[in-house]
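Take a look at the structure set out below.
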Number of protein chains: 2
Amino acid sequence: MNHSGESSVHPRVTGVVELAHGSGGRRMHELLERIFYRHLDNPWLRRQDDQACFPVSSGRMVMTTDSHVVTPLFFPGGDIGSLAVHGTVNDIAMAGARPLYLSAGFILEEGFPLEDLERIVASMGMAARDAGVAVITGDTKVVRRGQADGCYINTSGIGVVADAIDISGSRARVGDKVIVSGTLGEHGIAIMASRENLDFVGDIVSDSAALHTLVARMLEVCTDIHCLRDPTRGGLSAVLNELCQQSRVGILLDEQHIPVREPVRAVCELLGLDALNIACEGRLVAIVPSLHASTIVDAMRSHPLGCDAAIIGEVVEDPRQLVFMRTTMGGIRLVDWLSSDPLPRIC
Amino acid sequence: MNHSGESSVHPRVTGVVELAHGSGGRRMHELLERIFYRHLDNPWLRRQDDQACFPVSSGRMVMTTDSHVVTPLFFPGGDIGSLAVHGTVNDIAMAGARPLYLSAGFILEEGFPLEDLERIVASMGMAARDAGVAVITGDTKVVRRGQADGCYINTSGIGVVADAIDISGSRARVGDKVIVSGTLGEHGIAIMASRENLDFVGDIVSDSAALHTLVARMLEVCTDIHCLRDPTRGGLSAVLNELCQQSRVGILLDEQHIPVREPVRAVCELLGLDALNIACEGRLVAIVPSLHASTIVDAMRSHPLGCDAAIIGEVVEDPRQLVFMRTTMGGIRLVDWLSSDPLPRIC
């Protein structure tokens, strides 16, 4: 079976989404056959039941869910289809788990081009195969024009966690090191640039990627990772403030070690944004025992998605549970948690 | 902790959903605390991680997903919150599985009243507790005014299947009996009536309900149930046509045994609808070996959700894979699969 959808024998899909495509009737089944089963093909979907069944071994599993409403649907470095896979794979990976299965729930606006839908589902299929997961069950709803913005996708997912692993936002301990896996803010800036037609932003592309193999590499050298989280909405500052509250600690960052690519830094400066608040979709933050920090960073740097990994700070005692940063100018500033996001609908 | 939300010490939630509530920042966390954690409270949500972890025994699991876009959000006999729980619990139950955990992904329109959101989440919490499942992980996105219709909810879910059970749409065999668990069409007609202000419809309320305990009762008397499906979008006719195609058989129904409440029959006649095409959210169709059919129906009738259970037809050989019905007038008519639904957005 041809998975890429590029040179398939099926005729190219044309037309637009109609209410009948969400009806449970013939037209919905045609849509499933022509787009969904074709690009996400696997034995579970092919059974066409309303649920998918799979064997499990005894142990621990994780479950997660994410709805994706990113705009625009296609952006430099990805689209809502690949993002929906990466977002959910990453939430599974942030528990140190191996992702297994995803579900996909589409909410489509009447009039949405079927060609765009096919591009999105094909991209979702490719991202899932690249990540070694299968989209085993799905659902499609259609709402009238003006009741959605083209296409929204919910992906839920499950994975398995090895016995020795206990990763949670509440496990940061005073003295632990804070690591980021790479440069910050590319996803948010790429989305903003394509939304606002900011040509001067140049070649910034989304960092959207599945991080589970990077996490597996980290766990190979140290199973005692305390916290893992991907800095999506709210960026690094939101994630670190969350972790401080969950673990009842403070964090002191060192600005000079926080990796930010020069074009992102320039755009942020120009627009008055702080890269620490901008979403990533292919980066992670780890809080790890000080003793193992440099070993973990070395392991991360040997992985393509971790080559810019760096220790950027440490966990400190702070009853106020705040995040501070030693700036490159030598001062100390509060890294606050914004009450809202400067860039809505980035994921 | 007070679960009903009625006499809680928390102040009543007022105001409307703002973009900041979907930001990943402080405002989102306030919303989570004030509404979601409060009404769906359980140890997994309280950990506030981006995923929930749970132990599993070796065996088989099922996963399913459903997005809910019903309009109106509140209707006689339920609301989008309870419906989102029932819909996903039922898709799990239709594999003969015991539902365990749900996820909930909310897409909210800017300006949506927080009071309505609280009603919905409280109803979801109550439906989940009644069904013995926990909503262990969630996600909230906010889109601008005019980019959604108030509130959409995706619920995904997982459950466990006992060893002996093998239920699938492809297992209908010639000679099997077709059973429905109760009267048809109440959900769809109740939704339509409240949408169109049809006062003459009277006391028809949605049949929305969680069917897993009814399925468990059926499996107690016969583990060899071949097919189970809930006739939601497209109603009984869509489900039976699907099953015929999956199993490559035909079905012959007997109209006089198909249970339809008198007010539903009257409304359908008046509006030119066919109750066989109208969605239910608390009924199931079973295809079972002829030998066990009456035992299964007796078991169903001993359950509050199966008291109107009836054998309504049988599986026949038919290379065209069609559904026919012997009418009360003595004729035979084709029960076709509509190409679209007469009532969009009923779930």
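The values are calculated or read from the model by the stated rules, or taken from the named source; none is laboratory data. The structure displayed is predicted, hence computed values, not measured ones. Using ideal geometry, Cβ is built from the backbone for each residue, glycine included, and neighbour counts are taken over all protein chains shown. Ligands, DNA and RNA are excluded from the accessible area calculation, which covers all protein heavy atoms including side chains. Shrake-Rupley method; radii C 1.70, N 1.55, O 1.52, S 1.80 Å.
Between the alpha-carbon centres of the stretch B:168-184 and the stretch A:103-150 there is a gap of 31 Å. Here the simple spin-label model places points 7 Å from the Cα toward Cβ, and for A:THR327 and A:ASP308 these points are separated by 2.2 nm. Inter-chain Cβ neighbour count for A:156-162, averaged per residue, equals 5 (cutoff 10 Å, partner chain atoms only).
Once the Cα atoms are used to define both axes, helix B:212-221 deviates from the longest principal axis of chain B by about 40 degrees. For chain B, a Gaussian network of Cα nodes joined below 10 Å ranks B:SER206, B:SER23, B:SER294 by mean-square fluctuation, and the top entry is B:SER23.
Rounded to the nearest 10 degrees, the angle from helix B:262-271 to the longest Cα principal axis of chain B is 90 degrees. Against chain B, whose longest principal axis comes from its Cα atoms, helix B:114-131 is set at around 50 degrees. The accessible surface of the stretch A:22-121, taken with every protein chain in place and a 1.4 Å probe, is 47 percent carbon and sulfur. From helices alone, the protein assembly as shown scores -8000 deg cm²/dmol at 222 nm; the rule is -39500 (n - 2.57) for each run of n ≥ 4 DSSP H residues, then divide by the residue total.
About its Cα centre, the stretch A:40-163 has a charge dipole of approximately 260 debye under the convention of +1 per Lys or Arg Cβ and -1 per Asp or Glu Cβ, with nothing else charged.
Largest mean-square fluctuation among B:GLU281, B:GLU30, B:GLU118, in a Gaussian network model of chain B whose springs join Cα atoms under 10 Å apart, belongs to B:GLU30. In the full protein context, the stretch B:177-334 carries 39 Å² of accessible surface per residue, based on a 1.4 Å probe and ignoring ligands, DNA and RNA. Averaging the Cα positions of each part gives two centres, and for the stretch B:283-322 and the stretch B:210-276 these lie 9 Å apart.
Given axes a ≥ b ≥ c from the Cα gyration tensor, I'd like to know whether the protein assembly as shown is rounded (a/c under 1.5), prolate (a/b larger than b/c) or oblate. Note, shape of the protein assembly as shown comes out prolate. Normalising the Debye intensity of chain B to I(0), with uniform scatterers on Cα atoms only, and taking log10 at q = 0.11, 0.12, 0.14 Å⁻¹ returns -0.75, -0.87, -1.13. For A:PRO289, neighbours were defined as the other residues whose beta-carbon sits under 14 Å from its Cβ, and their charges (Lys and Arg +1, Asp and Glu -1) total -1. Among residues other than B:GLY313 with Cβ under 11 Å from its Cβ, the summed charge is -2 (Lys and Arg +1, Asp and Glu -1).
Taking chain B as a Gaussian network, Cα atoms linked when under 10 Å apart, which of B:ARG144, B:ARG301, B:ARG217 shows the biggest mean-square fluctuation? Maximum among the listed residues: B:ARG144.
To the nearest 100 Å², how much accessible surface do chains A and B cover up together, summed over both, with a 1.4 Å probe?
Interface area, both chains combined: 6100 Å², rounded to the nearest 100.
In summary, the convex hull built on the alpha carbon positions of the stretch B:19-161 has an orientation-averaged projected area of 8.3 nm².
Measuring with a 1.4 angstrom probe and ignoring ligands and nucleic acids, A:CYS307 comes out at about 80 Å² accessible.
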